[in-house]
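Report on the following structure.
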Amino acid sequence: MVGVPAQPPAVGIVTDYTDPDTSKLVRALTSAYTDLPTRDFQCGYACSDHASWHEAGVRSAIPFESQFIDYNTNIHSARDTLNTVDFAHLLKYVRIALGFVVEVAGVHSS
């Protein structure tokens, strides 16, 4: 759900059913490791797996491919195939994920 950029491209940060501090970290990582802006939005319901983790007391955040939950109409459909993925855009989310791992693990260069 991150391979189709919105127009204009942005990382949507879901703010309901998430941990505010973890979402703040994702915003900072997005700024540090990509050229994408972030846009906060609410699903208004438990729109993905992050909500179950949040309800169980696990800190969660979710960066999304746009600031609108229904932007990509291919998600979970027969059209949700590799030929609809923008891999250059997807790479930006890989950078966010790797930055998250490094920050949470406390890995720092010497």
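Enter the accessible area per residue of the chain (Å², integer; probe 1.4 Å; all protein chains in place). Don't jump to the answer; show the numbers that get you there.
Numbers: 6700 Å² over 110 residues.
It amounts to 61 Å² per residue over the chain.
Mind jotting down the three principal axis lengths of segment 16-104 based on Cα atoms? Whole angstrom, largest first.
For segment 16-104, the Cα spread along each principal axis is 35, 29, 20 Å.
Return a whole-number percent for the relative contact order of the chain, with Cα pairs under 8 Å and 6 or more residues apart as the contact set.
40 percent
Just the number, please: carbon plus sulfur as a percent of the accessible area of the chain, 1.4 Å probe, no ligands or DNA/RNA counted.
Carbon with sulfur: 57 percent of the solvent-accessible area.
Pick out, in residue order, every one of the trypsin sites (Lys or Arg not before Pro) in segment 44-110 that is DSSP loop and has at most 13 other C-beta atoms within 10 Å; say none if there are none.
ARG79
Work out the FRET efficiency for HIS108 and SER31 from their Cβ-Cβ distance, taking R0 = 22 Å, and round it to the nearest 0.05.
0.75
Work out, step by step, the length gained on full extension between ALA97 and ASP21: first 0.36 nm times the residue separation, then minus their alpha carbon distance; give nm to one decimal.
25.8 nm
Can you tell me which of SER66, SER77, SER23 moves the most in a GNM of the chain? Springs connect C-alpha atoms under 10 Å apart.
Of the options given, SER77 has the highest mean-square fluctuation.
Expected output is a single nm value to one decimal: the length gained when fully extending between ILE75 and TYR45, i.e. 0.36 nm times separation in residues minus the C-alpha distance. What is it?
Value of the extension gain: 9.1 nm.
Assuming R0 = 25 Å, what is the FRET efficiency of ARG59 and ALA88, from their Cβ-Cβ distance, to the nearest 0.05?
Values: r = 30 Å, r/R0 = 1.19.
FRET efficiency, ARG59 to ALA88: 0.25.
The values are calculated or read from the model by the stated rules, or taken from the named source; none is laboratory data. The shown structure was predicted, so the numbers you read here are calculated from the model rather than taken from an experiment. Note that we place each Cβ from the backbone using ideal geometry, even for glycine, and neighbour counts take in every protein chain shown. For the accessible areas, the whole protein counts, side chains as well, though only heavy atoms, and no ligand, DNA or RNA atoms are used. Shrake-Rupley method; radii C 1.70, N 1.55, O 1.52, S 1.80 Å.
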